[in-house]
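Notes to accompany the following structure.
The values are calculated or read from the model by the stated rules, or taken from the named source; none is laboratory data. Please read these numbers as outputs of a predicted model, since none were measured by experiment. Don't worry about glycine lacking a Cβ; one is built from the backbone with ideal geometry, like all the others, and counts go over all protein chains shown. For the accessible areas, the whole protein counts, side chains as well, though only heavy atoms, and no ligand, DNA or RNA atoms are used. Shrake-Rupley method; radii C 1.70, N 1.55, O 1.52, S 1.80 Å.
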Amino acid sequence: MARSAAEACDVLLRDGGMAHIRPLRPSDREALHALIARSSPRSAYLRFFAGGTASAHAYMDLVTGPDYRGHALVALAGGVVIGVAEYIPGLGGAEAEVGILLDDRVHGQGLGTLLLEHVALDAADAGVEDLVATVLPENRAMLRVLHDLGLPVEQRYERGQVEIRIAARPTERLVAEIEARAHEAERGSLAHVFTPGSVAVIGDVLDPAGVGRRVLCDLVAGGFPGPIHAVAPRADEVSPVVEVCGLPVHPGVSAVPGPIDLAVVAVPAPAVLGVARECARHRVRALVVLTGGVAGADGREAERELLRVCREAGMRLVGPGCLGVVNTAARLHAGLLPARLATGPLGLMAQSGTAAVALLERAGRLGLGVSSVAAVGDKADVSGNDLLEYWEDDPATRVIALHLESFGNPRRFGRIARRIGSRKPVVVVQGGRDLSAGQEVRAHAAAATGAARTAAASGAAGSAVIGPSGAIIAASDAAGSAATGPSAVSMDAAVDALLRACGAIREDSVRDLLDTARLLAFQPLPDGPRVALVGESGSARAIIAGACARAGLVVPDLSPATVAALRARLRPAAAPGGPLDLTADADAGEFAAVTAAPADAGDLVLTITAVLADPGVDAVLVVSAPPSGPDPERTRQTTREAIAAATRGAAKPVLACVGRDGLIDGRVPAYASPGQAVHALAQAAGYAAWRARPVAPLEELPGVDPPLARRLVAADLAAHPGGRLLDERTAARLLAAYGVHIVGPVSGAEGVEVVVKGVAYETFGPLVMVGAGGADSGRPGDHSFRVPPVDRAEARRMIGELGRMPLTRGHRGRPEAGVRALEDQIVRVGRLMDDHPGIAGIDLGPVVVTPYGAVVVDARVRLAPAPPLPSPFRRRLR
């Protein structure tokens with residue numbers, strides 16, 4: 001994959017602090033001399049192998065002078081240079097010497113590792129193959145940093161010094177090490193947000209109806225155990241009141257005695273920047289800015305300045321325009337979210353304050369408590385990706401729920417969510433999903449239709465139309481297929497592919513999110529899709545069984561042993577088998593007659609217990625008809641008690657449909673309708689299947705030449721800076737560099753027509769698609785998307801999702817298609833798109849799949865200028 005070039009960026013340190021990394025400038029000379037002056041004699045000796053600091057000062061003159069031939073980066077905190085790292089290429093440039101010097105005050109905070117990561121990547125981008133560091137044996141800290149970097153290392157001892165040789169080529173181990181270090185830093189920085197030692201509320205705390213007063217009172221009433229400070233700017237000038245909520249009111253942040261970890265800001269928008277600067281001077285560690293409209297009419301310049309102030313001071317920023325944060329275990333209620341939230345297993349993030357309140361209020365009615373909540377508003381800094389990092393190791397959070405309106409860094413989201421998803425589920429609702437998807441499809445349709453008309457008017461029959469994001473369709477059918485065909489790749493399809501790739505569970509509504517979340521939070525994952533239905537109504541069970549089949553679940557026949565056991569115990573009218581019928585005459589007393597002895601258990605308890613023990617059952621759904629009789633509420637209660645008793649200690653998930661949403665015994669999810677229960681269980685089964693898939697490294701593809709493809713793309717973009725639809729010869733050469741060969745029309749061979757496409761989103765990156773071709777292309781469900789790179793197993797699943805798959809297995813008398821050859825085409829197109837961001841779109845169509853292979857009849861490729869992809873090897877704050 002192409003890596004991003006060196007540039008200035010903000011980074012997180014191990015303790016949650018921040019630094020700014022950028023290339024060295026000649027004007028840094030005085031700052032470097034000041035760094036040497038602050039260094040201890042031992043630090044200078046370990047870096048420059050000489051006593052005193054004269055040689056160190058002389059070297060700083062060299063690196064900032066005109067004759068310096070190396071490449072250096074500096075790190076700054078609060079505008080002060082606190083570290084410098086460099087590499088100096090040797091003769092030929094394949095090898096370079098590397099060195100680093102840190103301010104004594106930041107030792108142990110991970111800055112040295114960060115600088116070395118960035119220097120190593122810059123060196124690799126410049127063609128350096130090996131970095132060489134000469135280290136004194138007693139410099140054990142530096143030796144440890146070099147060995148733990150994540151790159152291949154060789155070490156030898158010579159003449160009283162240790163030579164470390166590092167292969168400057170990014171590896172999978174480096175990615176893992178970088179992700180682990182980034183995760184540690186993210187958790188450290190957000191600890192000041194969710195577990196602060198002290199909190200200040202800055203705003204209209206003197207106004208009984210003010211936002212600041214409400215926040216302060218909720219914080220005090222919630223029992224936050226640390227110091228709470230009330231700050232009313234210029235309070236000494238406007239009011240004689242000296243206390244609010246039993247706390248003294250300070251006229252400014254500088255008047256607060258002692259440190260502040262978290263400041264909640266609720267002042268008018270024009271005053272936010274001034275308050276942020278005052279917090280920076282007081283060394284506050286994090287801000288929650290409730291104030292909206294900070295961006296104003298200046299094109300978000302004020303918001304960018306707010307972020308700059310926070311980054312330079314090392315403060316994390318939640319907001320602006322947010323509703324705050326909650327941590328129930330820490331008794332922290334810092335914002336305008338509903339007060340007195342119940343403690344529970346759900347970690348919740350929402351961009352929209354309205355969505356956050358709706359989620360919390362419904363979760364409260366369901367009995368689903370929260371571990372922590374962040375309503376992030378404009379998310380100028382802290383985003384869903386940061387919160388995922390925090391919740392990954394949080395033992396109080398078993399399910400992560402995200403209500404998102406946008407993805408700031410989709411690729412990073414995918415990497416983090418995939419890692420977390422292997423341990424705990426991530427459930428996502430995208431706000432405004434239907435509207436955004438419709439707008440994108442309509443925009444694509446309009447653009448493609450207009451382009452088709454232009455092409456037709458100019459007589460360009462048979463030429464290609466390039467739609468938004470590089471999607472390619474034939475001019476002859478652009479107007480008819482743009483909005484409905486696979487070329488009309490909506491943002492909705494991109495989000496769906498992203499979430500599918502990382503194992504996140506996508507939901508369409510708040511209700512669905514909480515239905516699925518409470519199943520995942522309180523029940524074990526099913527081992528498979530087999531669900532036993534237990535209920536009183538045969539007709540209802542038949543309907544539910546159909547819903548299960550449509551959702552990908554299976555209602556199996558019970559094992560002979562289970563059936564025999566139930567026949568021996570249940571009343572004669574009961575029907576053990578697939579959907580289990582208890583009959584409506586199982587009275588409430590029998591449902592509730594639960595004792596320690598199984599012989600005394602009622603029908604419902606006996607049935608649930610027996611079915612859970614069946615090896616052919618992965619989950620149990622209990623369906624109870626609305627009760628009748630003189631005391632329906634008592635009947636409901638006895639049913640809930642029986643379900644609770646029968647499921648204690650169960651190793652398989654149990655759900656209940658009892659006419660009301662909630663939890664039975666605080667752990668068995670109950671649903672008002674069977675459809676809700678089936679949907680939640682299907683989501684849980686799909687997630688469990690994703691987790692069970694083996695994770696294999698990407699295979700090496702034969703016949704792939706990335707350097708050749710890189711040269712072809714670079715040369716064509718240099719000749720056509722605006723990009724273009726490649727001519728046939730250049731397109732064929734580029735595809736052939738990845739083992740995709742255009743054969744042309746094939747006569748006499750009967751096969752199945754499909755299309756394989758790639759499309760690049762500026763925000764999301766590339767997608768790869770396989771779909772039906774020819775006469776079958778208009779059928780519903782005729783295309784499948786993924787985020788590349790994909791392996792053969794994932795390509796096989798893509799093909800399996802096509803509604804027209806029978807055509808590849810002898811449907812209509814055709815011979816069975818060469819599916820493995822089609823898999824290979826999908827894998828190669830995905831790899832080509834993923835490796836080269838300058839490729840805006842690829843269209844292999846048709847691809848004729850026969851028993852003997854997959855033949856590419858025609859292909860079109862479009863290039864477009866694109867920024868380098870964010871590198872997974874380069875740690876930085878967005």
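Quick notes
- Here ALA692 meets the list (1) over 31 Å from the mean Cα position of the chain (by Cα); (2) closer than 30 Å to THR171 by Cα almost entirely, failing just condition (1).
- For the criterion of being over 16 Å from ALA517 (Cα atoms) and surrounded by 13 or more Cβ atoms within 10 Å (Cβ to Cβ), LEU655 fails.
- Any helices (runs of 4 or more DSSP H) falling wholly within the range 487-556 and containing at least 1 residues that are farther than 29 Å from GLU361 by Cβ: 491-502, 538-550
Results for (1) under 20 Å from GLY16 (Cα atoms); (2) modelled with pLDDT of 95 or more; (3) buried (at least 24 other Cβ atoms within 10 Å of the Cβ), shown as yes or no for each residue.
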residue: HIS333; (1), (2), (3): no, yes, yes
residue: THR343; (1), (2), (3): no, yes, no
residue: VAL357; (1), (2), (3): no, yes, no
residue: ARG362; (1), (2), (3): no, yes, no
residue: LEU366; (1), (2), (3): no, yes, no
residue: VAL382; (1), (2), (3): yes, yes, yes
residue: ASN409; (1), (2), (3): no, no, no
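- ARG3 assigned to a loop (DSSP other than H, G, I, E, B), at negative phi, at pLDDT below 95 and within 41 Å of the chain's Cα centre (by Cα): yes
- For beta carbons closer than 6 Å, sequence separation of 6+ or different chains, a first residue in the range 202-219 that is over 18 Å from CYS279 (Cβ atoms) and a second that is buried (at least 24 other Cβ atoms within 10 Å of the Cβ), the qualifying pairs are LEU206/ALA232; ARG213/VAL205; ASP218/HIS333.
- Residue in the range 183-208 that is least open to solvent (accessible area, probe 1.4 Å), counting only those that are farther than 22 Å from VAL11 by Cβ and among the acidic types (Asp, Glu): ASP204
- Every listed requirement among (1) without any contact (Cβ under 8 Å) to a residue 12 or more places away in the chain; (2) buried (at least 20 other Cβ atoms within 10 Å of the Cβ) is met by VAL759 save one, (1).
- Verdict on LEU190 being in a helix (DSSP H, G or I) and touching a helix residue (DSSP H, G or I) at 6+ places or on another chain (Cβ under 9 Å): yes
- Scanning the range 32-50 for residues that are over 11 Å from LEU101 (Cα atoms) and in contact with a helix residue (DSSP H, G or I) (Cβ under 6 Å, 6 or more places away or on another chain) gives HIS33, SER40.
- When we screen ALA547, ALA540 for residues that are open to solvent by 30 Å² or more (accessible area, probe 1.4 Å), among the aliphatic types (A, V, I, L, M) and farther than 19 Å from ALA692 by Cα, the only hit is ALA540.
- In the range 508-535, the qualifying residues are those that are open to solvent by 40 Å² or more (accessible area, probe 1.4 Å) and more than 24 Å from the chain's Cα centre (by Cα), and the one that is nearest to ARG691 (Cα to Cα) is ASP527.
- Of the residues ALA670, ALA714, the single one that is outside any loop (DSSP other than H, G, I, E, B), under 30 Å from VAL622 (Cβ atoms) and either open to solvent by less than 60 Å² (accessible area, probe 1.4 Å) or not polar (S, T, N, Q) (or both) is ALA670.
- Test result for LEU404, modelled with pLDDT under 95, open to solvent by less than 10 Å² (accessible area, probe 1.4 Å) and in contact with a strand residue (DSSP E or B) (Cβ under 6 Å, 6 or more places away or on another chain): yes
- Cross-chain or 6+ apart pairs with Cβ under 8 Å, the range 648-663 first and part of a strand (DSSP E or B), then at pLDDT below 95 and of a type in the set (D, E, K, R): ALA656/ARG640
Residues are listed down the side, and each one gets a yes or a no for (1) under 20 Å from SER352 (Cβ atoms); (2) within 25 Å of the chain's Cα centre (by Cα):
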position: CYS279; (1), (2): no, no
position: ALA286; (1), (2): no, yes
position: LEU306; (1), (2): no, no
position: ARG311; (1), (2): no, yes
position: VAL318; (1), (2): yes, yes
position: LEU336; (1), (2): yes, no
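- Criterion: under 30 Å from LEU121 (Cβ atoms) and either buried (at least 22 other Cβ atoms within 10 Å of the Cβ) or modelled with pLDDT of 90 or more (or both) - qualifying residue of VAL847, VAL855, VAL827: VAL827
- Failed condition for ALA180, given (1) open to solvent by 10 Å² or more (accessible area, probe 1.4 Å); (2) farther than 24 Å from ASP381 by Cα; (3) free of Cβ contacts under 8 Å to residues at least 40 places away in the same chain; (4) hydrophobic (A, V, I, L, M, F, W, C): (2)
- Reported count of residues in the range 717-742, each being assigned to a helix (DSSP H, G or I), of a type in the set (Gly, Ala, Ser) and either in contact with a Cys (Cβ under 8 Å, 6 or more places away or on another chain) or under 20 Å from ARG860 (Cβ atoms) (or both), is 4.
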